[in-house]
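Asker: Below is one structure. I have some questions about it.
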Amino acid sequence: MTPKDQVLEVWGDLACFTRPELKVERFSYPIITPSAARGIYDAIYCKPNRYGREAEFRWQITAVEVLPWDSQEKPHSSFSPSYIALRRNEVKEKGPSDRTVAQWASGREEPQPIFADADKSFLGTDAKGRTQRQTMALRHVRYRLHAEMRPWPGFEERQQALEAQFRRRAGHGKCIYQPYFGCREFPAYFELVEPGAEGVSPVDWDGDLGWMLYDVFDLSRPGTWESPARISLFDARLSSGVLQVPDYDSAAVLKVEGGEGRC
Amino acid sequence: MLKQLVEYAKDHLPGSEPGFTTKTVKWAIVFASSGDGLSVVELGDTTAKRNPGREFTRCPEMGFSQMKAGGVTKSHFLIDTTEVVALLGDKAQDPKNLAKHAYFLYLLRQASAVLPELENVADYLDDPASLQQVQERLAEQKAKPNEKVTFRIGGAFPVESTAWYDWWRSFRKTLSGGSANGAKRRSAGDSSMRSFVSGELTSPAPTHPKITGLADVGGSSMGSPLIGFDKDAFTSYGLSQSANCAVSVEDATAYRDALNDLLAKHSERLAGAKVAYWFAKPVADEDNPVQMLTNPAENGEDSPAAKRQAQQQRREEANAQHRAHELLTAIRDGERPDLADNRYNALTLSGAAGRVMVRDWMEGSFAELVENIAAWFDDLAIVHRAGGNALAPCPKFLAVLSATVRELDDLAAPMVSRVWRSALHCEPIPRSAHAQALARVRLDILNDAVPNHARMGLLRAYHLRAHRSKGDDVMAQALKPYLNEEHPSLAYHCGRLMAVYAALQHAALGDVGAGVVQRYYAAASATPALVLGRLARSSQFHLNKLEGGLTYWYESALSQIWSRLGDGAPRTLDLEEQSLFALGYYQQLADLRTKKTDDKAADTTTNPKGDD
């Protein structure tokens with residue numbers, strides 16, 4: 001019988017769970033968001049479908065435990081996350097869509113390169129070229145994530161098999177792509193935690209983090225790759241280093257009705 | 001963060017509302033109640049060397065989206081630049097400026113429905129002859145085209161009247177088709193989103209108002225938005241502009257007003273960053289722990305030795321460390337229930353290319369803040385360089401920062417925010433700050449400069465906090481403000497030896513120019529085994545030159561320290577050991593001065609060279 005609670009210990013040198021209000025000069029939430037945690041589980045095992053019709057399940061994050069980076073290190077009077085300031089030159093434009101690239105490849109449109117090191121005098125506009133942006137990233141993060149698999153209607157009887165497959169993959173360190181902490185350049189390393197295993201205690205941290213991003217997509221139904229954003233929030237409170245994450249369907253998660261799902 | 005700022009605005013800024021803001025105005029065109037223009041007067045403190053003008057707290061404001069709406073060139077209402085209002089300056093006759101001037105008069109005429117006297121003002125400014133008079137009077141007083149101007153009619157400022165408020169509210173709505181943010185919201189494709197401030201369903205403001213007060217830390221003098229998404233790469237998921245972070249127009253105005261107020265009244269500039277801080281409940285200045293940190297009591301560092309004792313007494317009564325401990329005790333003993341359940345918020349900001357950069361955000365209980373600041377001063381405490389049993393005065397926070405660099409301009413803003421966090425959260429001192437301070441200490445010593453208390457204190461605080469975080473209380477307790485002859489570190493005793501050899505050379509030969517410190521300190525602090533042996537040999541020549549009693553004293557002092565080294569001095573010292581070497585050197589130096597002073601007071605014959 002596979003356990004329902006799938007626990008992963010994840011860690012990494014850097015992380016940036018960008019606050020939406022401070023996403024230009026990026027500033028990270030002090031703790032991983034449920035959507036970033038869901039992304040880590042998805043990176044290890046997911047069964048999506050381009051059109052959402054055959055998507056098999058979604059992950060529901062239930063809790064996040066904040067662990068000390070160095071268990072030998074003596075905590076300060078109260079824990080506070082460690083930040084690091086990074087500055088990088090970045091482009092102001094977005095990469096082209098698949099459709100645009102296809103048009104370029106077929107010769108129907110002239111390719112428009114992104115000039116990574118140009119300024120207004122060269123491009124004639126201030127909206128292109130490069131700009132220097134700051135990232136206030138978290139340093140030395142370690143979490144114990146708890147999640148449950150939620151099969152979509154029609155796949156309920158496969159839950160045991162799906163959970164077993166996840167545990168096999170996570171136990172062998174397999175992943176579809178490298179999990180990451182908020183940004184792809186900050187890799188997350190993971191280890192499956194077996195039931196009953198003794199682990200490090202969470203840090204001593206109590207706090208009200210205010211309204212935190214829960215997820216960008218509607219998790220109530222399978223979606224497609226082109227589902228629009230439906231941002232949901234929840235009141236994040238840490239107690240003894242543990243963030244309890246409410247179920248997406250609960251009233252504690254503030255949503256906008258009428259969205260489309262995410263497979 | 002946004003939530004706390006909006007709460008601050010609700011508690012402290014009752015006038016915060018979209019369409020209204022605080023403006024500083026330099027000039028006023030004075031009219032009689034009949035509408036005739038009389039003169040131009042300068043507002044504010046006219047005797048000040050740099051007079052920014054007079055502050056009006058509730059002025060009409062037109063946001064960026066309103067200014068751009070409809071493709072019509074617009075100007076502000078009641079207050080604008082002299083270039084727009086009076087067509088002053090070389091560029092006044094540009095078509096765009098003339099259009100702004102015309103719109104300014106249009107607004108005055110529209111508002112005359114509720115403030116009839118504005119009709120006369122508009123007529124007056126519309127008349128070329130009277131406008132020329134205004135221009136001449138402004139020019140006489142050396143007004144500049146970019147300075148703001150308003151009106152005073154019959155002794156009262158229309159901008160201070162409440163009569164135009166309702167008209168202005170309804171007029172603003174007409175600028176964007178019935179909703180302050182309707183046009184952009186439609187383009188965003190979202191009729192309603194969850195607010196990141198309140199969690200309620202809201203129509204997101206398309207653009208956010210600008211934060212002022214960061215011009216001296218890299219921001220634009222015109223203000224910069226805290227939340228802004230004006231480039232493609234700044235947006236995600238197909239969301240347009242500030243729909244990427246839904247905040248209502250009201251909340252956007254509230255957090256802007258709160259931040260502007262905090263930056264103007266409750267902030268500290270720390271090199272390349274500004275810290276705005278506030279408390280959930282009001283705190284008196286004398287109880288404000290942040291002020292203790294940034295502006296501790298008088299120092300009197302360079303006082304003559306004879307007055308030191310009396311000054312120390314006064315310092316004890318007033319210094320920040322003492323006050324912080326006193327406040328902490330009062331909170332713990334329940335004598336200050338008003339502060340016990342208070343909380344603090346601190347936001348570190350700087351400007352970057354027209355945007356606001358948040359460098360840190362901290363919040364916590366007031367008692368914890370006081371405790372951490374008391375711990376900061378305790379950890380920085382170091383013996384006074386002049387010796388005696390006096391501690392150096394508590395350094396200002398800026399002095400601690402400047403201890404890491406040659407000039408304050410060399411300070412990087414990330415370093416500022418990291419050291420600030422160390423102080424407020426009782427966190428370890430950053431390694432980079434330690435390395436930089438050590439380099440400056442070495443230069444001070446080699447250049448025979450006066451040792452800097454903040455630098456030495458920072459080195460001590462670094463070791464204390466690093467050891468505590470590793471759970472090594474023995475090492476943390478061993479590093480006292482004064483000399484500790486029992487210290488377990490060999491590097492510390494090597495530093496002590498260096499100080500005694502230097503004192504011995506001075507006692508034997510007097511001032512020799514480049515002494516053992518200038519010649520050997522750098523090498524001894526990195527490779528003591530190589531250098532201290534040579535110094536031990538040359539010290540024999542110095543000892544031979546001294547009189548009997550003094551020779552005996554130095555010999556016993558040296559042998560006592562050498563005995564601490566056991567098998568000998570270490571071959572090499574890493575960076576952390578080098579700073580222990582520096583601390584040992586400094587504390588031994590201060591101790592030698594203490595002993596000389598005491599000896600001199602007791603019996604001058606035993607220490608004939610006992611000057612500082």
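Asker: Among the helices (runs of 4 or more DSSP H) confined wholly to region B:515-565, which include 2 or more residues that are aliphatic (A, V, I, L, M) and more than 15 Å from residue B:503 (Cβ to Cβ)? Before the answer, list the steps.
Answerer: On the way: elements: B:516-526, B:528-544, B:548-564.
The helices (runs of 4 or more DSSP H) meeting that bar are B:516-526, B:528-544.
Asker: Okay, moving on. Give the residues of region A:167-189 that are within 14 Å of the chain's Cα centre (by Cα) and open to solvent by less than 50 Å² (accessible area, probe 1.4 Å), sorted by residue number. Outline the logic, then answer.
Answerer: Applying the first criterion (within 14 Å of the chain's Cα centre (by Cα)) to region A:167-189 yields A:177-189.
If the condition is that a residue be within 14 Å of the chain's Cα centre (by Cα) and open to solvent by less than 50 Å² (accessible area, probe 1.4 Å), then A:179, A:181, A:182, A:183, A:186, A:187, A:188 are the ones that fit.
Asker: While we're on this one: Given the conditions (1) in contact (Cβ under 8 Å) with a residue 12 or more places away in the chain; (2) surrounded by 14 or more Cβ atoms within 10 Å (Cβ to Cβ), and given that residue B:568 satisfies all but one, which numbered condition is not satisfied?
Answerer: With (1) in contact (Cβ under 8 Å) with a residue 12 or more places away in the chain; (2) surrounded by 14 or more Cβ atoms within 10 Å (Cβ to Cβ) applied to residue B:568, the lone miss is (2).
Asker: For region B:269-352, which fully contained helices (runs of 4 or more DSSP H) count at least 1 residues that are modelled with pLDDT under 75, open to solvent by less than 20 Å² (accessible area, probe 1.4 Å) and out of contact with any Lys or Arg (no Cβ under 7 Å at 6 or more places or on another chain)? Explain how you work it out, then say what you get.
Answerer: Working: elements: B:289-294, B:305-318, B:320-332, B:337-340.
Result: B:305-318, B:320-332.
Asker: Exactly one of these conditions fails for residue B:186: (1) modelled with pLDDT under 85; (2) surrounded by fewer than 14 Cβ atoms within 10 Å (Cβ to Cβ). Give me its number.
Answerer: All conditions pass for residue B:186, except number (2).
Per-residue answers, yes or no, for (1) in contact with a Gly (Cβ under 6 Å, 6 or more places away or on another chain); (2) assigned to a helix (DSSP H, G or I); (3) open to solvent by 60 Å² or more (accessible area, probe 1.4 Å):
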| residue | (1), (2), (3) |
| --- | --- |
| B:101 | no, yes, no |
| B:104 | no, yes, no |
| B:109 | no, yes, yes |
| B:121 | no, yes, no |
| B:125 | no, yes, no |
| B:132 | no, yes, yes |
| B:146 | no, no, yes |
| B:150 | no, no, no |
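Asker: Check off (1) open to solvent by 30 Å² or more (accessible area, probe 1.4 Å); (2) free of Cβ contacts under 8 Å to residues at least 40 places away in the same chain for residue B:75 and give me the number that stays unchecked.
Answerer: Tallying (1) open to solvent by 30 Å² or more (accessible area, probe 1.4 Å); (2) free of Cβ contacts under 8 Å to residues at least 40 places away in the same chain, residue B:75 fails exactly one: (1).
Asker: Let me ask something else. Test residue A:222 against the criterion of being open to solvent by 30 Å² or more (accessible area, probe 1.4 Å), touching a residue at least 24 places away in the same chain (Cβ under 8 Å) and over 22 Å from the mean Cα position of the chain (by Cα), and give yes or no. Can you show your working first?
Answerer: On the way: open to solvent by 30 Å² or more (accessible area, probe 1.4 Å): yes; touching a residue at least 24 places away in the same chain (Cβ under 8 Å): yes; over 22 Å from the mean Cα position of the chain (by Cα): no.
The answer is no for residue A:222.
Asker: Quick one: count up the residues across region B:217-244 that are surrounded by fewer than 18 Cβ atoms within 10 Å (Cβ to Cβ) and either part of a loop (DSSP other than H, G, I, E, B) or more than 11 Å from chain A (Cβ to nearest Cβ) (or both).
Answerer: Counting residues in region B:217-244 that are surrounded by fewer than 18 Cβ atoms within 10 Å (Cβ to Cβ) and either part of a loop (DSSP other than H, G, I, E, B) or more than 11 Å from chain A (Cβ to nearest Cβ) (or both) gives 7.
Asker: Working only within region A:27-56, note down all residues that are of a type in the set (D, E, K, R) and surrounded by 22 or more Cβ atoms within 10 Å (Cβ to Cβ).
Answerer: Just the residues of region A:27-56 that are of a type in the set (D, E, K, R), to begin with: A:38, A:42, A:47, A:50, A:53-54, A:56.
If the condition is that a residue be of a type in the set (D, E, K, R) and surrounded by 22 or more Cβ atoms within 10 Å (Cβ to Cβ), then A:38 is the only one that fits.
Asker: I need a count of the residues in region A:112-141 that are open to solvent by less than 70 Å² (accessible area, probe 1.4 Å) and out of contact with any Leu (no Cβ under 6 Å at 6 or more places or on another chain).
Answerer: First, the residues of region A:112-141 that are open to solvent by less than 70 Å² (accessible area, probe 1.4 Å): A:114, A:116, A:118, A:123-125, A:127, A:129, A:131, A:133-138, A:141.
If we keep only those that are out of contact with any Leu (no Cβ under 6 Å at 6 or more places or on another chain) as well, we get A:114, A:116, A:118, A:123-125, A:127, A:131, A:133-134, A:136, A:138, A:141.
Adding up the residues that qualify gives 13.
Asker: Filter the helices (runs of 4 or more DSSP H) completely within region B:378-467 down to those with at least 1 residues that are touching a residue at least 40 places away in the same chain (Cβ under 8 Å), within 23 Å of residue B:276 (Cα to Cα) and more than 14 Å from every other protein chain (Cβ to nearest Cβ).
Answerer: Working: elements: B:397-402, B:413-425, B:431-446.
Hits in region B:378-467: B:397-402.
Asker: Restricting to region B:52-63, count the residues that are open to solvent by 20 Å² or more (accessible area, probe 1.4 Å) and in a loop (DSSP other than H, G, I, E, B).
Answerer: Of the residues in region B:52-63, 3 are open to solvent by 20 Å² or more (accessible area, probe 1.4 Å) and in a loop (DSSP other than H, G, I, E, B).
Asker: Of all the residues that make up region B:436-479, how many are among the acidic types (Asp, Glu), over 14 Å from residue B:580 (Cβ atoms) and surrounded by fewer than 16 Cβ atoms within 10 Å (Cβ to Cβ)?
Answerer: The initial filter retains those residues of region B:436-479 that are among the acidic types (Asp, Glu), namely B:444, B:448, B:472-473.
Within this subset, residues satisfying the condition of being over 14 Å from residue B:580 (Cβ atoms) are B:444, B:448, B:473.
This time we only want the ones that are surrounded by fewer than 16 Cβ atoms within 10 Å (Cβ to Cβ), so: B:448, B:473.
Of the residues in that region, 2 qualify.
Asker: Give me the residue from region B:203-216 that is buried (at least 22 other Cβ atoms within 10 Å of the Cβ) and hydrophobic (A, V, I, L, M, F, W, C) and, out of that set, modelled with the lowest pLDDT.
Answerer: Here the answer is B:205.
Asker: Something else now. Residue B:504: part of a helix (DSSP H, G or I), in contact with a Ser or Thr (Cβ under 6 Å, 6 or more places away or on another chain) and aliphatic (A, V, I, L, M), yes or no?
Answerer: Values: part of a helix (DSSP H, G or I): yes; in contact with a Ser or Thr (Cβ under 6 Å, 6 or more places away or on another chain): yes; aliphatic (A, V, I, L, M): yes.
Answer is yes for this residue.
Asker: Restricting attention to region A:100-108, does a residue exist that is under 23 Å from the mean Cα position of the chain (by Cα) and of a type in the set (A, V, I, L, M)? Break it down stepwise before answering.
Answerer: Narrowing region A:100-108 to residues under 23 Å from the mean Cα position of the chain (by Cα): none.
No, region A:100-108 contains no residue that is under 23 Å from the mean Cα position of the chain (by Cα) and of a type in the set (A, V, I, L, M).
Asker: Every residue in region B:101-129 that is of a type in the set (A, V, I, L, M, F, W, C) and over 46 Å from the mean Cα position of the chain (by Cα), please. Even if it seems obvious, please write down each step before you answer.
Answerer: First, the residues of region B:101-129 that are of a type in the set (A, V, I, L, M, F, W, C): B:102, B:104-105, B:107-108, B:111, B:113-115, B:118, B:121-122, B:125, B:129.
Scanning region B:101-129 gives B:113, B:129.
Asker: Still on this model: Going by the conditions given, is residue B:177 surrounded by fewer than 21 Cβ atoms within 10 Å (Cβ to Cβ), part of a loop (DSSP other than H, G, I, E, B), at pLDDT below 85 and within 12 Å of another protein chain (Cβ to nearest Cβ)?
Answerer: On the way: surrounded by fewer than 21 Cβ atoms within 10 Å (Cβ to Cβ): yes; part of a loop (DSSP other than H, G, I, E, B): yes; at pLDDT below 85: yes; within 12 Å of another protein chain (Cβ to nearest Cβ): no.
So residue B:177 fails the test.
Asker: While we're looking at this one, here's another question. Evaluate the following for residue B:482: is it surrounded by fewer than 20 Cβ atoms within 10 Å (Cβ to Cβ), among the hydroxyl-bearing types (Ser, Thr, Tyr) and closer than 22 Å to residue B:383 by Cα? Please lay out each step first, then the result.
Answerer: Details: surrounded by fewer than 20 Cβ atoms within 10 Å (Cβ to Cβ): yes; among the hydroxyl-bearing types (Ser, Thr, Tyr): yes; closer than 22 Å to residue B:383 by Cα: yes.
When the stated conditions are applied, residue B:482 passes them.
Asker: Related question: Sort out which residues of region B:500-533 are of a type outside the set (A, V, I, L, M) and either exposed (fewer than 15 other Cβ atoms within 10 Å of the Cβ) or closer than 25 Å to residue B:576 by Cβ (or both), and write them in order of number. Let's see the steps before the verdict.
Answerer: Narrowing region B:500-533 to residues of a type outside the set (A, V, I, L, M): B:501, B:505-506, B:510-511, B:513, B:515, B:518-521, B:525, B:527-528, B:533.
B:501, B:510, B:511, B:513, B:518, B:519, B:520, B:521, B:525, B:527, B:528, B:533, listed by residue number.
Conditions (1) without any contact (Cβ under 8 Å) to a residue 60 or more places away in the chain; (2) not acidic (Asp, Glu), marked per residue:
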position	(1), (2)
B:323	yes, yes
B:326	yes, no
B:332	yes, yes
B:338	yes, no
B:343	no, yes
B:351	no, yes
B:355	no, yes
B:360	no, no
B:369	no, yes
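Asker: Now for a separate question. Listed residues A:108, A:130; which is of a type in the set (D, E, K, R) and touching a residue at least 40 places away in the same chain (Cβ under 8 Å)? Give the steps one after another, and end with the answer.
Answerer: Details: A:108 fails: touching a residue at least 40 places away in the same chain (Cβ under 8 Å).
The conditions single out A:130.
Quick grid of which residues meet (1) part of a strand (DSSP E or B); (2) touching a strand residue (DSSP E or B) at 6+ places or on another chain (Cβ under 7 Å); (3) modelled with pLDDT under 85:
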| site | (1), (2), (3) |
| --- | --- |
| B:6 | no, no, no |
| B:9 | no, no, no |
| B:28 | yes, yes, no |
| B:38 | yes, yes, yes |
| B:47 | no, no, yes |
| B:65 | no, no, yes |
| B:69 | no, no, yes |
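Asker: Please find, within region A:49-98, the residue that is modelled with the highest pLDDT out of those that are over 23 Å from residue A:8 (Cβ atoms) and more than 14 Å from every other protein chain (Cβ to nearest Cβ).
Answerer: Ranking the candidates gives A:98 first.
Yes/no matrix, rows are residues, columns are (1) modelled with pLDDT of 95 or more; (2) surrounded by fewer than 21 Cβ atoms within 10 Å (Cβ to Cβ); (3) away from chain B (no Cβ under 14 Å):
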residue: A:158; (1), (2), (3): no, yes, yes
residue: A:161; (1), (2), (3): no, yes, yes
residue: A:165; (1), (2), (3): no, yes, yes
residue: A:194; (1), (2), (3): no, yes, yes
residue: A:198; (1), (2), (3): no, yes, yes
residue: A:205; (1), (2), (3): no, yes, no
residue: A:212; (1), (2), (3): no, no, no
residue: A:234; (1), (2), (3): no, no, no
residue: A:252; (1), (2), (3): no, yes, no
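The values are calculated or read from the model by the stated rules, or taken from the named source; none is laboratory data. Just so you know, these numbers come straight off a predicted model, no measurement behind them. Here the Cβ is made from the backbone with ideal geometry for all residues, glycine too, and neighbour counts use every protein chain on show. Just so you know, the surface numbers come from the protein's heavy atoms only, side chains and all, with ligands and any DNA or RNA stripped out. Shrake-Rupley method; radii C 1.70, N 1.55, O 1.52, S 1.80 Å.
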